[in-house]
1. For the stretch 145-161, check the following and say yes or no: at least one residue is closer than 24 Å to Val112 by Cα and in contact with a His (Cβ under 6 Å, 6 or more places away or on another chain).
2. Given the criterion within 14 Å of the ligand (Cβ to nearest atom) and either of a type outside the set (Phe, Trp, Tyr) or closer than 26 Å to Gln181 by Cβ (or both), identify the matching residue among Pro18, Pro11, Pro55, Pro31.
3. Within the stretch 110-140, how many residues turn out to be away from the ligand (no atom under 16 Å from the Cβ) and either closer than 17 Å to Ala9 by Cβ or in contact with a helix residue (DSSP H, G or I) (Cβ under 8 Å, 6 or more places away or on another chain) (or both)?
4. Can you tell me which residues in the stretch 209-238 are more than 11 Å from the ligand (Cβ to nearest atom) and either hydroxyl-bearing (Ser, Thr, Tyr) or not in a helix (DSSP H, G or I) (or both)?
5. If you take the residues in the stretch 239-252 that are surrounded by fewer than 17 Cβ atoms within 10 Å (Cβ to Cβ) and in a loop (DSSP other than H, G, I, E, B), which one is farthest from the ligand (Cβ to nearest atom)?
6. Pairs needed: first member in the stretch 216-243, charged (D, E, K, R); second member anywhere, within 15 Å of the ligand (Cβ to nearest atom) and part of a helix (DSSP H, G or I); C-beta distance under 8 Å; at least 6 residues apart or different chains.
7. Just checking, how many residues over the stretch 198-210 are crowded, with 16+ Cβ neighbours inside 10 Å and out of contact with any Asp or Glu (no Cβ under 8 Å at 6 or more places or on another chain)?
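The values are calculated or read from the model by the stated rules, or taken from the named source; none is laboratory data. Please read these numbers as outputs of a predicted model, since none were measured by experiment. Positions of Cβ are generated from backbone atoms using ideal geometry, with glycine treated the same way; all protein chains shown enter the neighbour counts.
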Amino acid sequence: MKIINIVGARPNFMKIAPLMEQYRHHSNIEPLLIHTGQHYDEKMSDLFFRQLGIPEPDINLEVGSGTHAFQTAEIMKAFEPVVLEHEPDVVLVVGDVNSTIACGLVAVKLGVKLIHVEAGLRSGDRSMPEEINRVLTDSISDMLFCTEQSGVDNLIKEGIASEKIHLVGNVMIDTLLNNLQKAKESKIIEQLQAQGLIGSDGFAVLTMHRPSNVDGSKRFLQILDALEVIQKELPILFPIHPRTRRNLAELGLQARMDSLRNIHLMDPIGYLDFLKLNSCAKVVLTDSGGIQEETTVLKVPCITLRENTERPITAEIGSNQIVGTDPQRIVAAYRNATSGNWREPQIPPLWDGKAARRIVRILLEKL
Ligand code: UD1
């Protein structure tokens, strides 16, 4: 069985790693790995391949950045000849980035079966580019692998046949569990202490890159108001996404950010250092999707700077509080997270490190 596997942007790498590893145990699977080049900086891409032991991509389409239409179209144009040349049995896409829908569309238009890993997640917010990618990818997929029950329920509601849907757990959590030991050996905390950025009383981690938060100043400023309060009590480590760094300057917010002396901006960091920071943080503030899941498994309080989540299980039983961008709500969630009566989270069903194994078993059975 020839499987073309697609990665493009940073969160895809953690999802594909355990699948590539599983394929190695099955001589009847011939995997090809295609990188669309949506992310291309060393720290957004190559570093993850090295740290997660992902094989070099067989092909890099080197598409790079652009508007949504431009980027999606360029990926489609570059990927079509690859499918025509290699004639795969299936194309497998993960997550919800532009590379996911672009390659999915190319596959089905050429009559190749499409597999979507991390299917069915819905924020209900169609202004979020990822939500459009999720809905469209799911509607054209032949096999849909879900991380949580809400994903299955959403797909059934949308009329997807139940025999196409499989609840298998979470490949991103496979990667987390596979790398936790290695991450413990990271020296990032000692390095940050040596630089005087954090002391021994703990720290918070912040990530933020959603267009709704950082492409305009209104919400960005609301978040900064909350961070101003929090950083007076706890140093905040902020590995900053290139989109956010650019927008800080373009929106004229750099001086305000610089005035918050206990927020420490860092370049994007690798998977192992980031895992170490998250696992040791007192609290994580984020607008990412995957980090809501990772903090749940690490049992570290997560404050999600969005009005909704496509990963409701992390808020129902996990460590996640969904608070939006109102400064008072963010600070209240911070107080709750750092108070002694914080509720101990549970690990969602099947988030046990064996999701990729289940997916490959089902592929071998059904295809
Ligand atoms: C993309 C995904 C988002 C995911 C995020 C993780 C879509 C629609 N969005 O958002 O779901 O959470 O990746 O990081 O697919 N840039 C660089 N270097 C890089 C890559 C990007 O500097 O290696 C800069 C470019 O200026 C680019 C901007 O970041 O224009 C945005 O990159 P893009 O891939 O379009 O979207 P992300 O915001 O990264």
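1. Within the stretch 145-161, one or more residues are closer than 24 Å to Val112 by Cα and in contact with a His (Cβ under 6 Å, 6 or more places away or on another chain).
2. Details: Pro18 fails: within 14 Å of the ligand (Cβ to nearest atom); Pro55 fails: within 14 Å of the ligand (Cβ to nearest atom); Pro31 fails: within 14 Å of the ligand (Cβ to nearest atom).
Exactly one of Pro18, Pro11, Pro55, Pro31 is within 14 Å of the ligand (Cβ to nearest atom) and either of a type outside the set (Phe, Trp, Tyr) or closer than 26 Å to Gln181 by Cβ (or both), namely Pro11.
3. Filtering the stretch 110-140 down to residues away from the ligand (no atom under 16 Å from the Cβ) leaves 110-115, 120, 124, 139-140.
In the following step, the residues that additionally are either closer than 17 Å to Ala9 by Cβ or in contact with a helix residue (DSSP H, G or I) (Cβ under 8 Å, 6 or more places away or on another chain) (or both) were identified as 110, 112-115, 120, 124, 140.
Qualifying residue count for the region: 8.
4. Ser212, Gly216, Ser217, Lys232, Glu233, Leu234, Pro235, Ile236, Leu237, Phe238
5. Residue satisfying both the conditions and the ranking: Gly252.
6. Arg219/Ser212; Arg219/Asn213; Arg243/Pro211; Arg243/Val214
7. So in the stretch 198-210, the residues crowded, with 16+ Cβ neighbours inside 10 Å come out as 198, 203-210.
Keeping just the survivors that are out of contact with any Asp or Glu (no Cβ under 8 Å at 6 or more places or on another chain) gives 198, 203-206.
So the answer is 5.
Residue-wise test of (1) under 25 Å from Leu364 (Cα atoms); (2) under 23 Å from the mean Cα position of the chain (by Cα); (3) free of Cβ contacts under 8 Å to residues at least 12 places away in the same chain; (4) surrounded by fewer than 20 Cβ atoms within 10 Å (Cβ to Cβ).
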position	(1), (2), (3), (4)
Met1	yes, no, no, yes
Phe13	yes, yes, no, no
Leu33	yes, yes, no, no
Thr36	no, yes, no, no
Pro55	yes, yes, no, yes
Glu62	no, yes, no, yes
